[in-house]
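Undergrad: I am attaching a structure below and will ask some questions about it afterwards.
The values are calculated or read from the model by the stated rules, or taken from the named source; none is laboratory data. In this text, all values refer to a predicted model and were calculated from it rather than measured experimentally. Positions of Cβ are generated from backbone atoms using ideal geometry, with glycine treated the same way; all protein chains shown enter the neighbour counts.
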Amino acid sequence: MTDAATSNKADVIVLGAGIVGVSAAYAARQRGLSVILVDRREPGSETSYGNAGILSSGSISPLNNPSLWKALPKYLTNRHPALRWDPVWAIRNIDWVVRFLANATPSRTRPRATALHGLIGASLKLHREWIVKADAAQRIRETGWLKAWRGDAVAAAKAEQALLAEYGIASQLLDRQAISALEPNILPVYQVGLLHTQTASVDSPGAVVKAYARMFAGSGGEVSQSDIKAIAPEGDGWRVVLADGVMSARHIVVALGPWSADLLRPLGYRVPLAFERGYHREFRPNPVRSLQRPIHDADGSFLMTPMEQGIRVTSGVELTARDAPSSLVQIDAVAEVARGVLQFGETVGEPWRGSRPTLPDSLPMIGPAPRHSGLWLAFGNQHIGFTTGPATGAAIAAMIAGAEPSFDVAAFSPSRYL
């Protein structure tokens, strides 16, 4: 990696070195294109670092699905662990809120689930291929992930299992005894569980992204670390203005996650982007009370997963401005609840906060900008960005090369909002 660009021209410049940007860069390099990957920080250091590390086969149902209406009254109290929201932000972004809620209907949910299923399936195939190529196979666990309920939620679990089965996604319904057999070191607080058997997880998502970035560099790609100031059309290509210089390329990929809209605004694009902010804390593991896989506590609205540094507990969603001050109320509350499930030690490091970019339909933008040739958009993967990053990037690389992506990208077209 360089602090300033050693090259100033390439076929493709990818802006953003999270999982999506790194994937786009590597996939474009695989197609023989010269590629520069640029970010202000090292690869995998922002949102791609702090997630739960799940490669989820079953995350096909967007958050704004019909069940949201039933949950909405308790969310409006602004005390539920699944969702905290800033009233001032909501008023200023009422158009986004209305459009988000308008998508929570059966007729709008099924097509989006189908589109996400295609994206996720293509991504998981690439993840399992790339993690071996990147010499990081030791980080992946093929142990599934467990969604668990504390009360009598057999009907809810069966309904979720039926939806997954419609898309050919395997799962197992578990009772209290089966959960204890699967995870003998947790306390018996759950009555019902649904094990997603085709889901994998990793022990450090940031390290996996860094491994993919090293794989990209090893294939002849260039990684440059610099602040990105602006992009502008130049001749038949693009100019990228950095804090320490200028680059040019025929194609530009904007994969800056929650910062993408800022870069595009001077070009006349008004991206309806909101931010699912989330937090995590990590704790020293108890060596005699190990956890084998991620567990999603459906009632507590948190997820805990074994990581390289310890047990990571992640919070629900916080809807507010991207750069608003942190509020640790949500993560501190669920961390205490998590202690009632698994014994673990003191905190490791500082609490983490990230902003997951979300569009009103909970689908990412994957494709060409509608009014500028050579400008490609790849962001908005909300809370499943780590899962869906590889296929998002690979689809962009395919389109740049004039080829068909491996899955149907029609639902993800940027032109639906721009």
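Undergrad: Looking at the range 321-344, is at least one residue in a strand (DSSP E or B), in contact (Cβ under 8 Å) with a residue 24 or more places away in the chain and farther than 21 Å from P87 by Cα?
TA: Yes: one or more hits.
Undergrad: If the Cβ limit is 6 Å and pairs must be 6+ apart or interchain, which residue in the range 393-406 that is within 13 Å of S23 (Cβ to Cβ) and in contact (Cβ under 8 Å) with a residue 12 or more places away in the chain pairs with which residue that is crowded, with 17+ Cβ neighbours inside 10 Å and hydroxyl-bearing (S, T, Y)?
TA: Listed by first residue and then by second, the contacts come to G393/S23.
Undergrad: Let me ask something else about it. Grab the strands (runs of 3 or more DSSP E) fully contained in the range 1-109, keeping just those with 1 or more residues being over 20 Å from A397 (Cα atoms) and either of a type in the set (S, T, N, Q) or in the same structural domain as E318 (by TED's automatic domain parsing) (or both).
TA: Ranges flagged: 83-85.
Undergrad: Sticking with this structure for a sec: Can you tell me which residue in the range 277-319 is surrounded by the most Cβ atoms within 10 Å (Cβ to Cβ), limited to those that are within 28 Å of G151 (Cβ to Cβ) and of a type in the set (D, E, K, R)?
TA: R312
Undergrad: Sticking with this structure for a sec: State all residues of the range 70-92 that are at positive phi and out of contact with any strand residue (DSSP E or B) (no Cβ under 7 Å at 6 or more places or on another chain); if no residue qualifies, say none.
TA: none
Undergrad: May I ask you to list the residues in the range 178-200 that are polar (S, T, N, Q) and not in a helix (DSSP H, G or I)?
TA: The answer is N185, Q191, T197, Q198, T199.
Undergrad: Kindly provide the set of residues from the range 325-336 that are of a type in the set (V, I, T) and surrounded by 15 or more Cβ atoms within 10 Å (Cβ to Cβ), ordered by number.
TA: I331, V334
Undergrad: A further question follows. Scanning for something in contact with a helix residue (DSSP H, G or I) (Cβ under 6 Å, 6 or more places away or on another chain) and in contact (Cβ under 8 Å) with a residue 60 or more places away in the chain, does the range 232-248 turn up at least one residue?
TA: no
Undergrad: May I pose another question? Please work out if H251 is over 25 Å from R353 (Cα atoms) and crowded, with 23+ Cβ neighbours inside 10 Å.
TA: In short, yes.
Undergrad: Which residues, counting only those in the range 119-177, are among the basic types (K, R) and in a helix (DSSP H, G or I)?
TA: K125, R128, K133, R139, K158, R176
Undergrad: Still on this structure: Regarding the range 236-249, can at least one residue be identified that is out of contact with any His (no Cβ under 8 Å at 6 or more places or on another chain), closer than 17 Å to T47 by Cβ, of a type in the set (G, A, S) and assigned to a loop (DSSP other than H, G, I, E, B)?
TA: no
Undergrad: Cβ-Cβ under 6 Å, sequence separation 6+ or interchain: first residue in the range 154-165 and loosely packed, with under 13 Cβ neighbours inside 10 Å, partner at pLDDT 95 or above. Which pairs?
TA: That search, which allows pairs on different chains as well, returns nothing.
Undergrad: Looking at (1) in contact with a helix residue (DSSP H, G or I) (Cβ under 7 Å, 6 or more places away or on another chain); (2) without any contact (Cβ under 8 Å) to a residue 40 or more places away in the chain; (3) of a type in the set (G, A, S), which is the only condition A148 fails?
TA: Answer for A148: the failing condition is (2).
Undergrad: Residues to consider are R322, R339, R371, R353; find the one that is among the charged types (D, E, K, R), modelled with pLDDT of 95 or more, surrounded by fewer than 24 Cβ atoms within 10 Å (Cβ to Cβ) and not assigned by TED's automatic domain parsing to the domain that holds R108.
TA: The conditions single out R371.
Undergrad: Is it true that G151 is in the same structural domain as Q177 (by TED's automatic domain parsing) and surrounded by 12 or more Cβ atoms within 10 Å (Cβ to Cβ)?
TA: So G151 does not fit the description; no.
Undergrad: Sticking with this structure for a sec: In this structure, does A102 turn out to be in contact (Cβ under 8 Å) with a residue 24 or more places away in the chain, surrounded by fewer than 16 Cβ atoms within 10 Å (Cβ to Cβ) and either in contact with a strand residue (DSSP E or B) (Cβ under 9 Å, 6 or more places away or on another chain) or under 14 Å from V317 (Cβ atoms) (or both)?
TA: For A102, the condition - in contact (Cβ under 8 Å) with a residue 24 or more places away in the chain, surrounded by fewer than 16 Cβ atoms within 10 Å (Cβ to Cβ) and either in contact with a strand residue (DSSP E or B) (Cβ under 9 Å, 6 or more places away or on another chain) or under 14 Å from V317 (Cβ atoms) (or both) - is not met.
Undergrad: Something else about it: Keeping to the range 236-252, report how many residues are farther than 14 Å from W376 by Cα and of a type in the set (G, A, S).
TA: 3
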